[in-house]
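Working notes, beginning with the structure itself.
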Amino acid sequence: MVGALERVVGESFVLTDPDLRAPYEVDWTRRFHGSARLVVRPKDTDQVGQVLRCCHEAGATVVTQGGNTGLVGGGVPDRGEVVLSLTRLDDLQEVDTLAGQVSVGAGVTLARVQEHAAASDLHFPVDLAARDSATIGGMIATNAGGIRVLRYGSTRAQVLGVEAVTVDGRVLTRMDGLVKDNAGYDLAGLLTGSEGTIAVITRARLRLVPRLQHRVVALLALDSIEVAQNTLRRVRTAMPSLEAAEVFFADGLDLVLEQTSATAPFAAPHPVYLLLECAAREDPTEELAAALEEVEDLLDVAVGTDAESRARLWELREAHTAAISAAGVPIKLDVSLPPARIGAFLARLDDVVAAIEPAARSIVFGHLGDGNLHVNLLGADPADYNLEAGVLGLTTQLGGSISAEHGIGRAKVAWLHLQRDPTDMAVMSAIKGAFDPDGRLNPGVLFPRR
């Protein structure tokens, strides 16, 4: 099989040496790792098709990998699979300014798409802290959310078409970009969030929005999560320009200040921090200031009106991930909850964790505007899944989701039944079987390994 793959992509793009394979065999958190049979790096859809055909004929299993920024083990080999790296699929086509759309390769990073759109005074509205390394293919495969779902929705809302390759190498193309198209099943919608289990996404047609150049960021110091939620409700009602509403807590900020060069935003620490960003065609600063004057229990506020000051405030939130990773190998859980249950979840979380692993501590931050909390557990054995069972069990007891935006991957397969009943699971399994009857694409992801 190695020779056949080398004839397709070139000898230098088939990696069999252990040292060359190593970066592809472990995830960003260092929690998930395994061994790959080899790594193959095609450059376009045609080569992806030929690679998958070779693997199919050889009976090989395949793990698709983009920027390798996933957090649930969905893009990491486990038991000698072929790693199909898509980072060379980096084509950026000309922006269609009339339609407000652009076609891109699956290996293009989020940051490049944003820069490319900005040159035409447009914007790709999904945004993540990992924008410099996260790829569009991976974002579609996991239906990534990020910090602006509050205003624009998740990745699924921005995908107007895809090109994908089936397990046996056939190419499926839906790249028209038609906003209205009811001709059959919405296969682009089906592939979004499928985590590489039914086909390999190679290109996408993306929706763009007008670029809003006037922005203001405010960091609010508050006394409790309930006050933060009420504050968000009031600002959201008053400010149609609100794009982001992020929450973090005193322990998380302490860790960021300890692990990075960031400076404290206030003279004294506070229990809860709510970061808001508004964007509009005209400067929204005065409008936001007026809205905040109506907020009760506001302990302190820091405002950023220029790019530098806005970036300083955003760093306090976006540096959480790196700071947590620097403190140890975390167990990272990505949950969402009904707004009315977030306070109860946070009130019970530490007791649930302490009952399972007294030495563990939780660092929580997230997207308050859409109920998505990132629970990071430090001080526990990353291979011990009892903590996951406890936290995810608490989540579903409160009517939440065990995966808000990171996917199920390999990490959460054992708990998917907490949220999806047998009928639901059977339908999803039937879809998987229709596309990939032998279970060769991302085995062990979303469903137990056969």
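Remarks
- Screening Thr109, Thr97 for residues that are farther than 29 Å from Pro448 by Cα and either buried (at least 21 other Cβ atoms within 10 Å of the Cβ) or charged (D, E, K, R) (or both) leaves exactly one candidate, Thr109.
- Selection over segment 289-344 of residues that are β-branched (Val, Ile, Thr) and buried (at least 21 other Cβ atoms within 10 Å of the Cβ) gives a count of 5.
- Pairs meeting the criteria (first residue in segment 434-450 and farther than 23 Å from Ile402 by Cβ and modelled with pLDDT of 95 or more, second residue among the hydroxyl-bearing types (Ser, Thr, Tyr) and crowded, with 18+ Cβ neighbours inside 10 Å, beta carbons under 6 Å, at least 6 apart or on different chains) are Arg440/Thr61.
- Of the residues contained in segment 361-379, one or more are found to be among the aliphatic types (A, V, I, L, M), buried (at least 22 other Cβ atoms within 10 Å of the Cβ) and within 15 Å of Leu398 (Cα to Cα).
- Only one entry of Gly193, Gly189 meets the criterion of being within 30 Å of Pro240 (Cα to Cα) and free of Cβ contacts under 8 Å to residues at least 60 places away in the same chain, and that entry is Gly189.
- Qualifying position, being within 19 Å of Glu277 (Cα to Cα), more than 18 Å from the chain's Cα centre (by Cα) and modelled with pLDDT under 95, among Thr231, Thr237: Thr237
- Members of segment 99-118 found to be closer than 12 Å to Arg205 by Cβ and hydroxyl-bearing (Ser, Thr, Tyr), listed by number: Ser103
- Test: residue in segment 285-297 that is assigned to a strand (DSSP E or B) and in contact with a helix residue (DSSP H, G or I) (Cβ under 6 Å, 6 or more places away or on another chain): no
- Flag if Gly409 is not in a loop (DSSP other than H, G, I, E, B) and not charged (D, E, K, R): no
- Sole residue being within 25 Å of Leu128 (Cβ to Cβ), of a type outside the set (D, E, K, R) and in a loop (DSSP other than H, G, I, E, B), chosen from Thr64, Thr29: Thr29
- Scanning segment 170-188 for residues that are more than 27 Å from the chain's Cα centre (by Cα) and closer than 21 Å to Leu441 by Cα gives a single hit, Arg170.
- Among the residues making up segment 83-98, those that are closer than 12 Å to Ala204 by Cβ and part of a loop (DSSP other than H, G, I, E, B) are Leu86, Leu89, Asp91, Gln93.
- A search for C-beta distances below 6 Å between a residue of segment 168-184 that is without any contact (Cβ under 8 Å) to a residue 60 or more places away in the chain and surrounded by 15 or more Cβ atoms within 10 Å (Cβ to Cβ) and any residue that is part of a loop (DSSP other than H, G, I, E, B) and of a type in the set (Asp, Glu), counting only pairs 6+ apart in sequence or on different chains, returns nothing.
- Number of the condition not met by Asp121 [criteria: (1) outside the structural domain of Leu206 (by TED's automatic domain parsing); (2) modelled with pLDDT of 95 or more; (3) over 24 Å from the mean Cα position of the chain (by Cα)]: (1)
- Among the residues of segment 169-204, those identified as in a loop (DSSP other than H, G, I, E, B) and within 18 Å of Leu86 (Cβ to Cβ) are Gly169, Arg170, Met175, Thr192, Gly193, Ser194, Glu195, Gly196, Thr197, Ile198, Ala199.
- Applying the criterion of being surrounded by fewer than 19 Cβ atoms within 10 Å (Cβ to Cβ) and hydrophobic (A, V, I, L, M, F, W, C) to the residues of segment 380-422, the residue that is farthest from Val445 (Cα to Cα) is Leu398.
The values are calculated or read from the model by the stated rules, or taken from the named source; none is laboratory data. Here the structure is a predicted model, which is why all the values come from computation and not from measurement. As a convention, Cβ positions derive from the backbone with ideal geometry for all residues, glycine included, and neighbour counts pool all protein chains shown.
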